[in-house]
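Right, one structure below, let's go through it.
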Amino acid sequence: MQKSPGAETSIILFDGVCNFCNGSVRFIINRDPQKHFKFAPLQSPAAQTLLQKHGLSLEPLDTFILIEEGKTYSRSTAALRIARQLKGLWPALYVLILVPRAIRDSLYNILARNRYKLFGRRGTCMIPSPELRDRFMT
């Protein structure tokens, strides 16, 4: 799905110290030539302000959140809505939205609970390169 002219940029809030989450952000950037998505680590003041604005909990930081057209999505729903915007065959994954959210999110939660054990964590949030800096909110 292409970004329509004048469409608002979507924002992805992610765990900035999680290696899996940082890899996911790089994956999205590489498949988002339209620069539809901006990013903010959940630990950043920008993300904390957005969470408060949308009435979301500031803790725990065990999910990523998509803010799109003023609405918030989390866990598997956020992941599928993001996939729908990427180039390549990734939009085909959106058909999984038909699987009940409780099932999708239970699988997502298993990964989220074990992400540090499986992929490790950083001591600090990822610092974007100069060419990517405009895609990140801090």
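Before moving on, here are some points about what is shown:
- Among the lysines of the stretch 10-125, pairs that are 8 or more positions apart or on different chains and have alpha carbons within less than 26 Å of each other number 8.
- Relative packing of 45-52, 93-100, which averages over residues the other C-beta atoms within 10 Å, highest first: 45-52, 93-100
- Put in order of Cβ neighbour count within 10 Å, fewest first, the listed residues 13, 89, 132 become 89, 132, 13.
- Estimated 222 nm signal from helices in the chain, with DSSP H stretches of n ≥ 4 weighted -39500 (n - 2.57), rounded to 500: -11000 deg cm²/dmol
- The chain - percent relative contact order, Cα under 8 Å, separation 6 or more: 35
- Cα-projected label distance for residue 138 with residue 118, points at 7 Å along beta-carbon direction, nm: 3.1
- Binning all Cα-Cα separations of the chain at 10 Å, short to long from zero, yields these whole-percent fractions: 11, 44, 38, 6, 0.
No value in this document is a laboratory result; all are computed from the given coordinates. It should be emphasised that the depicted structure is a prediction, and the values quoted were computed from it without experimental measurement. All Cβ positions, even for glycine, are placed from backbone atoms using ideal geometry, and neighbour counts span all protein chains on display.
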